[in-house]
Structure formats: structure tokens, C-alpha cells
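Trainee: Below: one structure in C-alpha cells.
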Amino acid sequence: MAVLEQLTSQQAIELENKYGAHNYHPLPVVLSRGEGVFVWDVEGKKYYDFLSAYSAVNQGHCHPEIVGAMVHQAETLTLTSRAFYNDMLGKFEKYATETFHFDKLLPMNTGAEAVETALKLCRKWAYEKKGISENDAEIIVCENNFHGRTTTIISFSNDPVARENFGPYTKGFLNIEYDNLKALEDALDANKNVAGFLVEPIQGEAGVYVPSEGYLKAAKALCEKHNVLFIADEVQTGIARTGRLLATCGNCSCADKHCSGTPEVKPDILILGKALSGGAYPVSAVLANDEIMEVIRPGNHGSTFGGNPIAAAVGMAALEVVKNEELAQNAYELGELFRSELNKFIPETDLVKSVRGKGLLNAILINDTEDSSTAWDICMALKENGLLAKPTHGNIIRFAPPLVMTKDQLLDCISIIIKTLKEFR
């Protein structure tokens, strides 16, 4: 079969089913083109993208400045490995550390790699700086977390689908309830070997679960009291998605183009990925200050592709687009509008219990059980009406459009969502 041969949707689906591992359950739509907030299937039908590749495409599909940076660099130099310096990585590291107010950046490729990197960094800091005995460090995590699917990460997941028949599991993690300060305090008080607290500012995969006001700030204070590193996984929530540059910014002024960039809660270790490249290329990073990052020395950690010239060029372009197009401000304003309009509709239906979220990371809770097909069936109906979204945790539908969306486009999408819910049987 020729690479450039045009396939029908059914042919493309059949090829994946025959030759690919069945590790995903996609909506039956085969996409072949994207631009801004829109995607087109192979038959030419146009859809609003309301998932943004799980928030990787915050800057919109095929943003010309990001694609331009990628193409230019691909034509110049693609990969050197870290055996040599390249002329792009230092520029990216400087740009990103100044943007997020950290001393150092450690570049990786995927979100899961960045999480693994943060775990290694935290443990090494614990042994060399905090004085915990080697192999005794514990890291506190939260129930219903999602940080990736590597062996170490699924070891502290409580999702049976992610864990079943993948053991033995990695030790060294304490699991507590999310959004429960008492549980965090008790875990810190009870164990002198705690090195870090790994947390999502909003639990996206769990159904866009937003913690109580002040939770993150109080959790950081508890970590400081016990000399424990506060590790924020902002792979999905970062890069303007929640109406702030970072979700850990809380209610500071990051939505304002004149923002000073000083967050309400500054993590000790920050994990970024997904939209760090605008979805054009795998780029992730771990950021920390010198006192933490200096424990990493040559040979301790690395990646052949991490910090390659294309990734560096794409990462800078992606962050520039967020800044220049004021995407945090747009996400904040459109998110307020989205929840307001959905909340007006919800009393009219028994199908939806509630809407929740921050910025343009939102979800609706369907009035059915987690093992029902209702949310999936609604997403199928939304697809027929020209909008693509996906369920999570059975009865929750996540809505996360590209942040370049306009008010008129969002109102059109809200009309599609409400129309679909009204017509759904």
C-alpha cells in the first residue's frame, strides 16, 4: 500500500485493528487534517476539536509559527544527542526558566518521562540533601491520579485497568485522598522518610476534579514545614489551559498580559509536557531551582532525543504563541462563559448533574453509572453534530478545546452541546 494512498475511514480503522496493539478505544472518526480549532476526517467532514489531544494542542492545530519553527530547524539540524552541545537547547532552557521562574530545566520528550525524571530527582535530593537513608525515601501521591503508564507510575495508580497483570509494582509511594489536607498532614507526621508530594493541580483524567480553594497553597505550606518537595504535575493543566499560565498560579494575575509571573503556589519541582510543544512534537521538561537540580550529574539521567534542536525550537515557539496571543486570558474568559451557559441549561435536563472546571478544562457529569455507555453514546451524537469529545471514568465527558478558540466559535459549540443533550434519548 502506497504511503500517500487515500484511505476511507473504514479502511483506516481496519488497518489499525489488524496491525496495531489494541491499547486505545478511539471514537470511530479518522482525522486527516487540522487547523486552529477544527479537524477534518478523511471524507472531508469538519469538526470542532473539543479534546485538543488531551490539552497538547492548546495553541491550535498546525499553528503556523510553531510549524514554521519546526520545519526550519528540521532543515538545519535535527539531532546531535547530548554527546555534543547544540545551538538551540541553551536558548530554550533560558527562555523556559525565565518564563516559569526557575533556575534550571531538564529536557525530556513525553509527559511520563518527565514524571519519572521528577521522581528520580526527588529521591536523589532526599538522599543527598535531606539525609534520608538510601532506598528509604517515600513519595506521597493521590488517589485517582494519572501521571502516565510506565511501570513505576502505574505502581501508585489505583486504576485497575492500568494496573492489572503488570506487577510486580515499584515500592516507595504512599497513597492518600486527593483534596484532603488532613490526610496529607497525617502522612507527613507519621513518616520521617517522605521526600516529596506529587500532585495534579486539577485531576484531569479523573474527570476534571478541581480541589477546594486554598488546597494547593496549604499543601505547599505543609510540605515546607516538613522539608518535603512539592512536585506539581502540570503536563495537562499547564501552558494556559486553566486560564493561568500554570494551574498552580491559583488566583494570581497570570491571566493578565501584564502578569508578573509570580505564582500563588510555586512548586519545588514543576513537570511540563503536552502543550509545551503545541502538539507539534514530543517535548517535556522538569524545572527546579539549583539546590534541587544540582544533585543531577553526568551519567545520572538522560535521553538521546531529550533537548534535541527541533524540540528546543518548537518549545520556544509554543511558549511565544501562548504569550503573544494572550491564550491564558482567552482561556479564562471563555471558560467562565462556558460554565455559565451550561449551568443555565442543566436545570432543564435530567441528563447532566453538573459542570465543573477551570479555564478551558471542563467536564460535565452525566446522570448515570460509571459502567454505563451513556457518556460514550452522547459523544457519538456530538460527533454526528460536528464536535469531538471523549468520556473519562465512564460517566464524565471532558471538554478541552484549543485555547485559540473565539467567543463566537465557543458559543457555536455550546449550542451544539446543548442541542445534542436535548435530542439525546
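The values are calculated or read from the model by the stated rules, or taken from the named source; none is laboratory data. Just so we're clear, the structure is a prediction, and the values are computed from it rather than from any experiment. Please note: Cβ atoms are built from the backbone with ideal geometry, for glycine as well, and neighbour counts cover all protein chains shown.
Trainee: Take S415 and decide whether it is in contact with a strand residue (DSSP E or B) (Cβ under 7 Å, 6 or more places away or on another chain), of a type in the set (S, T, Y) and surrounded by fewer than 18 Cβ atoms within 10 Å (Cβ to Cβ). Working first, answer last.
Mentor: On the way: in contact with a strand residue (DSSP E or B) (Cβ under 7 Å, 6 or more places away or on another chain): no; of a type in the set (S, T, Y): yes; surrounded by fewer than 18 Cβ atoms within 10 Å (Cβ to Cβ): yes.
So S415 does not fit the description; no.
Condition check ((1) modelled with pLDDT of 95 or more; (2) touching a helix residue (DSSP H, G or I) at 6+ places or on another chain (Cβ under 8 Å)) across all residues:
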position: D256; (1), (2): no, yes
position: K266; (1), (2): yes, yes
position: R297; (1), (2): yes, no
position: A317; (1), (2): yes, yes
position: L327; (1), (2): yes, yes
position: G335; (1), (2): yes, no
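Trainee: So, one more: Evaluate the following for D371: is it out of contact with any helix residue (DSSP H, G or I) (no Cβ under 6 Å at 6 or more places or on another chain), surrounded by fewer than 16 Cβ atoms within 10 Å (Cβ to Cβ) and either modelled with pLDDT of 95 or more or closer than 30 Å to L245 by Cβ (or both)? Give the derivation first.
Mentor: On the way: out of contact with any helix residue (DSSP H, G or I) (no Cβ under 6 Å at 6 or more places or on another chain): yes; surrounded by fewer than 16 Cβ atoms within 10 Å (Cβ to Cβ): yes; either modelled with pLDDT of 95 or more or closer than 30 Å to L245 by Cβ (or both): no.
Criteria not met by D371.
To keep it simple, each residue is scored yes or no on (1) over 27 Å from V404 (Cα atoms); (2) of a type in the set (A, V, I, L, M, F, W, C).
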site: V265; (1), (2): no, yes
site: G273; (1), (2): no, no
site: L276; (1), (2): no, yes
site: E294; (1), (2): yes, no
site: I310; (1), (2): no, yes
site: V321; (1), (2): no, yes
site: E325; (1), (2): no, no
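Trainee: Being under 23 Å from the mean Cα position of the chain (by Cα), under 22 Å from L31 (Cα atoms) and not in a helix (DSSP H, G or I) narrows it down to one of R356, R398, so name that one.
Mentor: Details: R356 fails: under 22 Å from L31 (Cα atoms).
Sole residue among the options that is under 23 Å from the mean Cα position of the chain (by Cα), under 22 Å from L31 (Cα atoms) and not in a helix (DSSP H, G or I): R398.
Trainee: Is it true that some residue in region 147-163 is within 16 Å of N191 (Cα to Cα) and either in contact with a strand residue (DSSP E or B) (Cβ under 7 Å, 6 or more places away or on another chain) or at pLDDT below 95 (or both)?
Mentor: no
Trainee: Further question: If the Cβ limit is 7 Å and pairs must be 6+ apart or interchain, which residue in region 124-153 that is free of Cβ contacts under 8 Å to residues at least 24 places away in the same chain and buried (at least 18 other Cβ atoms within 10 Å of the Cβ) pairs with which residue that is part of a loop (DSSP other than H, G, I, E, B) and acidic (D, E)?
Mentor: Pairs found: none.
Trainee: Return the total of residues in region 412-425 being touching a residue at least 40 places away in the same chain (Cβ under 8 Å), farther than 22 Å from G278 by Cβ and not in a loop (DSSP other than H, G, I, E, B).
Mentor: So in region 412-425, the residues touching a residue at least 40 places away in the same chain (Cβ under 8 Å) come out as 412-414, 416-418, 420-424.
Narrowing the set further to residues that are farther than 22 Å from G278 by Cβ leaves 412, 414, 416-418, 420-424.
With not in a loop (DSSP other than H, G, I, E, B) added as a condition, the list becomes 412, 414, 416-418, 420-423.
Going through region 412-425 one residue at a time, the tally reaches 9.
Trainee: Take N180 and tell me if it is surrounded by 12 or more Cβ atoms within 10 Å (Cβ to Cβ) and over 21 Å from the mean Cα position of the chain (by Cα).
Mentor: Numbers: surrounded by 12 or more Cβ atoms within 10 Å (Cβ to Cβ): yes; over 21 Å from the mean Cα position of the chain (by Cα): yes.
When the stated conditions are applied, N180 passes them.
Trainee: May I pose another question? Evaluate the following for S81: is it within 30 Å of D290 (Cβ to Cβ), over 22 Å from the mean Cα position of the chain (by Cα) and polar (S, T, N, Q)?
Mentor: Values: within 30 Å of D290 (Cβ to Cβ): yes; over 22 Å from the mean Cα position of the chain (by Cα): yes; polar (S, T, N, Q): yes.
It is true that S81 is within 30 Å of D290 (Cβ to Cβ), over 22 Å from the mean Cα position of the chain (by Cα) and polar (S, T, N, Q).
Trainee: Separate question: What residue, of F84, F92, is assigned to a loop (DSSP other than H, G, I, E, B) and hydrophobic (A, V, I, L, M, F, W, C)?
Mentor: Numbers: F92 fails: assigned to a loop (DSSP other than H, G, I, E, B).
Sole residue among the options that is assigned to a loop (DSSP other than H, G, I, E, B) and hydrophobic (A, V, I, L, M, F, W, C): F84.
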